[in-house]
Amino acid sequence: NSLSMVVHTLEQLTEDPSFRYDKPERVTALQNEAKRLNNNLIELLTLYNIENERISATIDDVDVTNFLEEVVAENHASAEANHIRLEYECDPDLYGYFDEGLVRGVLNNLVGNGLRYTRDQLLLSARQEDNYLVFRVEDNGPGYPKQMLAAQSSEDLHRDIAEGRTQLGLYFATLIAEMHKNKGQAGFIRLENGYTLSGGCFSVWLP
């Protein structure tokens, strides 16, 4: 779409050493907001399709290391423009079964939010825990406020949205996680502070 083209053009400008501008922080701010708006539009379209049963999870066998490398590469320009170190950790032999496109959308949104709130680090990781594949996005910012830590079920988030509270990203991630089911178990999300880094940690658990 047109907004994606704007994001791509801004990324090219910030990476071009021959491009000179007086106030680079304004270009960075514009880049961040354009990417955030694009992610929000993708979320809204996906939520509309989910709630109207137009899409369902397409489960594939995925090389998780390659998957995380791609997510980091997609967000590298934004992280570099904001002077943030974006890294990932994953066992090179780890494979998972999930909808690559839907989970990619969740992680890109989490990274985009992390760029706004972290101090100077973002860490993506994936590992196998308790028969779940767990993706984590961590930062070293101020962490999640108490009200966000308290509202982590899809029912709570749906009520917050109905009452006009801005929890769209959480609701989106929760629905995507819950679309992944295996042997009577469904995916879920978890928010906490101070997992590996000192700030917030958002984890997506897929059975």
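Across segment 88-106, the number of residues qualifying as farther than 11 Å from V64 by Cα and in contact with a His (Cβ under 8 Å, 6 or more places away or on another chain) comes to 1. S154 meets each of the listed conditions (1) touching a Phe, Trp or Tyr at 6+ places or on another chain (Cβ under 8 Å); (2) surrounded by fewer than 19 Cβ atoms within 10 Å (Cβ to Cβ); (3) at pLDDT 60 or above; (4) not β-branched (V, I, T) apart from (3).
Given Y88, Y117, which one is of a type in the set (F, W, Y) and modelled with pLDDT under 95?
Just a single option satisfies the conditions, and that option is Y117.
Per the conditions (1) modelled with pLDDT under 95; (2) more than 26 Å from R85 (Cα to Cα); (3) not hydroxyl-bearing (S, T, Y), the sole criterion not satisfied by H180 is (1). Scanning segment 121-144 for residues that are hydrophobic (A, V, I, L, M, F, W, C) and closer than 10 Å to P207 by Cα, we see that the one that is surrounded by the most Cβ atoms within 10 Å (Cβ to Cβ) is L133.
Scanning segment 61-83 for residues that are surrounded by 14 or more Cβ atoms within 10 Å (Cβ to Cβ) and modelled with pLDDT under 95 yields E74, N75, A77, S78, A79, E80, A81, N82. How many of the residues in segment 165-204 are of a type in the set (F, W, Y), without any contact (Cβ under 8 Å) to a residue 60 or more places away in the chain and in a strand (DSSP E or B)? Looking only at that region, the number is 1.
The values are calculated or read from the model by the stated rules, or taken from the named source; none is laboratory data. On a predicted model such as this, the values are computed, not experimentally measured, just so you know. In this analysis, Cβ positions are derived from the backbone assuming ideal geometry, glycine residues included, and neighbour counts consider all displayed protein chains.
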